[in-house]
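The values are calculated or read from the model by the stated rules, or taken from the named source; none is laboratory data. Worth saying up front: this structure is predicted, and the values here are computed from it rather than measured. Here Cβ is always computed from backbone atoms with ideal geometry, including for glycine, and neighbour counts include all displayed protein chains.
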Amino acid sequence: MAVDWLDWLELLWAGSRYNIFCLRRSDLDLQLGADTISPSDQVHVLGVTLTSDLSLEKQVSNVSAACFYRLRQLRRVRRSLDVASAATLVHAFVTSRIDYCNAVLAGTPKVTTDKLQRVMNAAARVVSDTQKLDRGLSQLLHEDLHWLDVPQRIEYKLSVLVHRCQYGSAPQYLTDCCTSVADVPGRRHLRFGRRQLMDVPRHRRTTFGRRAFSVTGPTVWNSLSNMLREQIDEDSFKRQLKTFLFSKTLGLAYPAH
C-alpha cells in the first residue's frame with residue numbers, strides 16, 4: 001500500500017513572537033495543488049523539537065522529562081550496580097541524550113540550559129549513589145566524574161565542529177559557515193591572521209542571528225587559546241579542549257601559547 005508523503009509533511013512558520021502573532025491573523029495554510037497543509041505549533045527535525053519562536057524550550061523540556069524517567073528507573077536498580085556499570089548506563093540513556101544536537105542550544109538563555117544542568121546533577125547522584133541534599137556536588141561532577149557543565153558541553157561541541165571545518169573533515173555546508181581571518185581580503189596580513197582566528201560575521205537580529213552556527217562557532221573558537229587552535233590532530237585537540245574548559249570553569253590558569 002502506497003503511503004502519501006503529505007501525511008509526513010509538517011509546516012512551521014518561524015519568527016519573532018510578534019511576527020508570529022501578526023501572522024495568526026491571516027491565512028497560514030499552504031496550498032500544494034489540491035492538498036492543503038495546515039501549520040503546526042511544533043515540528044520534529046532529526047529528533048529536535050522546534051517551535052515557532054525557535055526558543056527550544058520545548059526541546060529541552062522533552063529531553064529533561066525523558067532523562068528523568070530513565071534516572072528514576074536506574075535509581076531502582078542502583079544497589080545492584082557498581083560505579084562503572086552505573087556510569088555506563090547513565091551515559092547510554094542520559095548524558096548522550098543531553099549531548100545530542102546540543103550545538104543548537106548555543107546562545108539560549110541560562111534558564112533554559114539550567115534545566116539540563118539539573119538533569120546532569122541528578123545523573124551524578126545516581127552514579128555516585130548519593131542523595132539530592134548531600135554535599136560536594138561540584139567536586140562530584142568535576143573532579144570525580146570529570147563531567148563538564150551543560151554550557152561547557154555546548155562549547156565543546158561547537159569547538160570540535162569548527163576544528164573539523166578548519167582542517168577539512170566537516171561537511172561542506174558547515175565549512176562554508178566558517179571563514180578564517182587569513183582568508184578575508186584586507187585582514188590576511190594582520191597579526192590576527194596568523195593566530196588561526198575565525199571571522200565573526202555581523203548579524204542584525206540579537207535573538208536569532210547571534211545563535212547561528214556562523215556566529216556562535218567562530219565566537220567560541222576565537223575564545224580558545226592560541227596553542228589549542230593550532231592543534232591539528234583531532235584526538236589531541238579534544239583532550240586539550242576538555243582541559244581548557246575545565247580550567248575556565250574552575251578558574252584555573254591555562255597556557256595561552
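Residues that are closer than 25 Å to T216 by Cβ, loosely packed, with under 14 Cβ neighbours inside 10 Å and β-branched (V, I, T) do occur in region 44-52, at least one of them. Within region 149-184, the only residue that satisfies the criterion of being crowded, with 17+ Cβ neighbours inside 10 Å and among the aromatic types (F, W, Y) is Y156.
Considering region 84-123, the residues that are more than 16 Å from A66 (Cα to Cα) and of a type in the set (A, V, I, L, M, F, W, C) include one that is nearest to the chain's Cα centre (by Cα), namely A103.
For beta carbons closer than 9 Å, sequence separation of 6+ or different chains, a first residue in region 128-143 that is in the same structural domain as V90 (by TED's automatic domain parsing) and assigned to a loop (DSSP other than H, G, I, E, B) and a second that is surrounded by fewer than 11 Cβ atoms within 10 Å (Cβ to Cβ) and not polar (S, T, N, Q), the qualifying pairs are D129/R79. May I ask you to list the residues in region 144-161 that are closer than 17 Å to S96 by Cβ and outside any loop (DSSP other than H, G, I, E, B)? Matches in region 144-161: V150, Q152, R153, I154, Y156, K157, V160. Applying the criterion of being among the aromatic types (F, W, Y) and part of a helix (DSSP H, G or I) to the residues of region 190-234, the residue that is modelled with the highest pLDDT is W221.
Taken over region 22-71, the criterion of being of a type in the set (S, T, N, Q) and at pLDDT 85 or above is satisfied by T49, Q59, S61, N62, S64. How do the helices (runs of 4 or more DSSP H) wholly within region 43-118 filter down when requiring 2 or more residues that are under 21 Å from K157 (Cβ atoms) and free of Cβ contacts under 8 Å to residues at least 24 places away in the same chain: which remain? Qualifying helices (runs of 4 or more DSSP H): 57-77.
Listed by first and then second residue, the pairs with beta-carbon distance under 8 Å, at least 6 apart or on different chains, first residue in region 158-186 and more than 16 Å from V200 (Cβ to Cβ), second of a type in the set (S, T, Y) and not in a loop (DSSP other than H, G, I, E, B), are G168/T175.
Per-residue answers, yes or no, for (1) surrounded by fewer than 18 Cβ atoms within 10 Å (Cβ to Cβ); (2) among the basic types (K, R); (3) out of contact with any helix residue (DSSP H, G or I) (no Cβ under 9 Å at 6 or more places or on another chain):
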{"position": "Q73", "(1), (2), (3)": "yes, no, no"}
{"position": "L81", "(1), (2), (3)": "yes, no, no"}
{"position": "A86", "(1), (2), (3)": "no, no, no"}
{"position": "V94", "(1), (2), (3)": "no, no, no"}
{"position": "C101", "(1), (2), (3)": "yes, no, no"}
{"position": "A124", "(1), (2), (3)": "no, no, no"}
{"position": "K132", "(1), (2), (3)": "yes, yes, no"}
{"position": "Q139", "(1), (2), (3)": "yes, no, yes"}
{"position": "H142", "(1), (2), (3)": "yes, no, no"}
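Of the residues making up region 107-122, those that are touching a helix residue (DSSP H, G or I) at 6+ places or on another chain (Cβ under 7 Å) and at pLDDT 90 or above are T112, T113, K115, L116, Q117, V119, M120, N121, A122.
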